[in-house]
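Chemist: Before I ask anything, here is the structure I am working with.
Here, each number is a calculation from the coordinates, and none is a lab measurement. Keep in mind it's a predicted model, so treat the numbers as computed, not measured. Positions of Cβ are generated from backbone atoms using ideal geometry, with glycine treated the same way; all protein chains shown enter the neighbour counts.
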Amino acid sequence: MSHIGVFCPNVPGHLNPMVALADAIRTRGHRVTFFLLGVPPSSIAEAGLEIVPLGGSVFPVDQYHAELEKLGSLQGRAALTHTLAIGARAAAAILEVGPAVVRAAGVTALVIDQASFPAGTVADQLGLPFATVCNALLLNPDSAVPPYVTHWPPQDIWWARMRNRMAWVGLNRLYAPIVTCIQNHRRGLGLPVQADISQVWSETLQISQQPECFEFPRRELPKQVRFVGPLRLPGGYQPVSFPWERLDGRPLIYASLGTLQNRIGGLFRVIAEACDGLDAQLVISTGHGVTPEELGNLPGYPIVVAYAPQLELLRRSTLAITHAGLNTVLDAMTTGTPLVAIPVTNEQPGIAARVAWIGAGEVIAHQQVTPQALRAVVVRVRSNQSYRTAAERVRDAIQAAGGAPRAAELIEQRLGLGTCNDVEENGMSCTTLS
């Protein structure tokens, strides 16, 4: 069978779904190798997948992780600008190092995270087919849809479309260093030069881990986009220890700021103050951004852990408070759990806007968060059944979408990686493809 190479940012929010997809691809009989900047995470090795390092002297390991650590303490536009600066350095490293290591590994096709902008050029340079996987929100520009960095709802009004168009233009300016790097590399190789960021993704297949109902109505959705829902391992996440004996029977509220923008210790305290005195027990996961010890004794004495068994806790929760990272939101939707979203930066405002748009929760801007304001929103979402009903509608859509196994089928079919007969000869099942 085929040897599939994977490019994605070396951060949990992108790696976790990509590991699940790689596992589903491997289950169908293919070999899978990850090509990563930074220190290879244990999750890939634990899954038994191969890893080849990138970066070299262009973007050394220590510098890559130092930049990510800095990102964890930034908010708003500063965080977005820093994210794209990391992307520009990553582009230079991938374009310089990537072709040689992919060729040496004997890869026959690539699966590329949508945020790994230059990796499609590596595929083109080597003549390899590739698929794009959207592990964050769809980044594809569309004047009918507000850019993912905004909190705006979709509105089919001329001034809203104009506002969207202008915001997309502004976002493209921020992409310029990355796009220029890619263009110069392609020009030097004699490859067709892509005009803008929308052309760096696969023309064959783009997979989104959103369920389709969690995306705003679009006018310019590429025909090759397929919505498959969350990409998760068959057994969920790797087991995580948790003090289950400390749960006291009260309704649970689960709070997490993810694994990147999670060094904002003061926000954890605000969340604790907001929930103190409610008929609920609060569990906080710091995502290793700050240690539980650094937070000290919080109001209401919540359970605070560095990392939590998120899905298991969400299944028991009446509400989740989140930074609106896509994986946390999708996990909440998978369990039918309503949300209070406090978006910090990058695509989080757009994700939070979709939570509000589908009616599965409410949004409060992080600049406006006070214990009193957050408490009022928490009480409102917990007491109104309509939020949970909306979350459960998304849960049902996720169950029908197919997830990682469906994504693996599509990749196999569209990239020509083997036939159903090949799979069946290896003693595995093959679902009819469409």
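Chemist: Can you tell me the dipole magnitude for the chain around its Cα centre, using point charges on the Cβ only (Lys, Arg +1; Asp, Glu -1), in Debye to the nearest 20?
Modeler: On the way: 33 positive and 34 negative charges, 191 e Å.
With Lys and Arg at +1 and Asp and Glu at -1, about 920 debye.
Chemist: So what's the angle, to the nearest 10 degrees on a 0 to 90 scale, between helix 403-414 and the longest Cα principal axis of the chain?
Modeler: That helix lies at roughly 20 degrees to the long axis.
Chemist: Ok, one more. Considering the convex hull of the alpha carbon atoms of the chain, report its projected area averaged over all viewing directions, in nm², one decimal. Spell out each step's value before the answer.
Modeler: On the way: hull surface 81.5 nm².
In nm², the orientation-averaged hull projection of the chain is 20.4.
Chemist: Going by how many other beta carbons lie within 10 Å of each one, how would you line up 244, 159, 168, 152, fewest first?
Modeler: Taking fewest neighbouring Cβ atoms as first place, the list is 159, 244, 152, 168.
Chemist: Scan the chain and report its longest stretch carrying no GluC sites (Glu not before Pro) that are both in a DSSP loop and have at most 14 other Cβ atoms within 10 Å.
Modeler: Details: sites that count: 203, 220.
Of all site-free stretches, the longest is 221-434.
Chemist: Is there a quick way to get the dipole size of the stretch 31-126? I mean about its Cα centre, with the Cβ of Lys and Arg at +1 and of Asp and Glu at -1; what is the value in debye to the nearest 20?
Modeler: Numbers: 5 positive and 8 negative charges, 30 e Å.
Using Cβ point charges on Lys, Arg, Asp and Glu, the stretch 31-126 gives about 140 debye.
Chemist: Another question, if that's okay. Give the relative contact order (percent, whole number) for the stretch 244-398; include only Cα pairs under 8 Å separated by 6+ residues.
Modeler: Working: 296 pairs, mean separation 34.7, N = 155.
Rounded, it is 22 percent for the stretch 244-398.
Chemist: Given the Cα atoms of the stretch 244-398, and with Rh set as the inverse mean 1/r over their pairs in the Kirkwood sense, what is Rg to Rh to two decimals?
Modeler: On the way: Rg = 13.9 Å, Rh = 15.0 Å.
That ratio equals 0.92.
Chemist: A follow-up question, please. Please give the calculated 222 nm ellipticity per residue for the chain, where each DSSP H segment of at least 4 residues contributes -39500 (n - 2.57) and the sum is spread over every residue; nearest 500 deg cm²/dmol? Present the calculation step by step, with values, prior to reporting the outcome.
Modeler: Values: 15 runs with 192 residues, N = 434.
Computed ellipticity for the chain at 222 nm equals -14000 deg cm²/dmol.
Chemist: Something else now. Fewest to most neighbouring Cβ within 10 Å: what's the order for 6, 101? Intermediate results must be reported in sequence, preceding the final value.
Modeler: Values: 6 28, 101 18.
Final ranking by Cβ density, sparse to dense: 101, 6.
Chemist: Also, I was wondering about something else. Got a sec? How would 395, 354 order by Cβ neighbour count within 10 Å, fewest to most? Show your work: numbers first, answer last.
Modeler: Numbers: 395 19, 354 26.
Fewest-to-most ranking of 395, 354: 395, 354.
Chemist: Enter the angle in degrees (range 0 to 90, nearest 10) between the Cα long axis of helix 76-105 and the first principal axis of the Cα atoms of the chain, meaning the one along which they spread out most.
Modeler: The answer is roughly 30 degrees.
Chemist: Provide the convex hull volume over Cα atoms per residue for the stretch 157-209, in Å³. Walk me through the intermediate numbers first.
Modeler: Values: hull volume 6.4 nm³, N = 53.
Considering the Cα atoms of the stretch 157-209, their hull volume per residue is 121 Å³.
Chemist: While we're here: Percent antiparallel among DSSP beta bridges with both residues in the chain, to the nearest 5?
Modeler: Working: 0 of 42 bridges.
Counting only bridges with both partners in the chain, antiparallel ones make up about 0 percent.
Chemist: Sticking with this one: Calculate, axis by axis, the spread of Cα positions in the stretch 184-273 along the three principal axes, and write the results as whole Å, longest axis first.
Modeler: 64, 29, 28
Chemist: Right, next: Distance between the C-alpha centers of the stretch 189-265 and the stretch 388-410? Whole Å please.
Modeler: Each part's Cα centre sits 12 Å from the other's.
Chemist: Angle between the Cα long axis of helix 385-401 and the longest principal axis of the chain, 0 to 90 degrees, nearest 10?
Modeler: 20
Chemist: Also, I was wondering about something else. Considering only 384, 327, 16, give the residue with the highest GNM mean-square fluctuation for the chain, with springs between Cα atoms whenever their separation is below 10 Å.
Modeler: Comparing 384, 327, 16 in the GNM, the peak value goes to 384.
Chemist: Taking Cα atoms of the stretch 218-326, Rg/Rh with Kirkwood Rh, to two decimals?
Modeler: Working: Rg = 16.1 Å, Rh = 15.3 Å.
Rg/Rh: 1.05.
Chemist: Note down the magnitude of the dipole of the stretch 244-398 about its Cα centre, charges +1 on Lys and Arg C-beta and -1 on Asp and Glu C-beta and zero elsewhere, to the nearest 20 debye.
Modeler: Details: 13 positive and 13 negative charges, 65 e Å.
Dipole of the stretch 244-398, to the nearest 20 debye: 320 debye.
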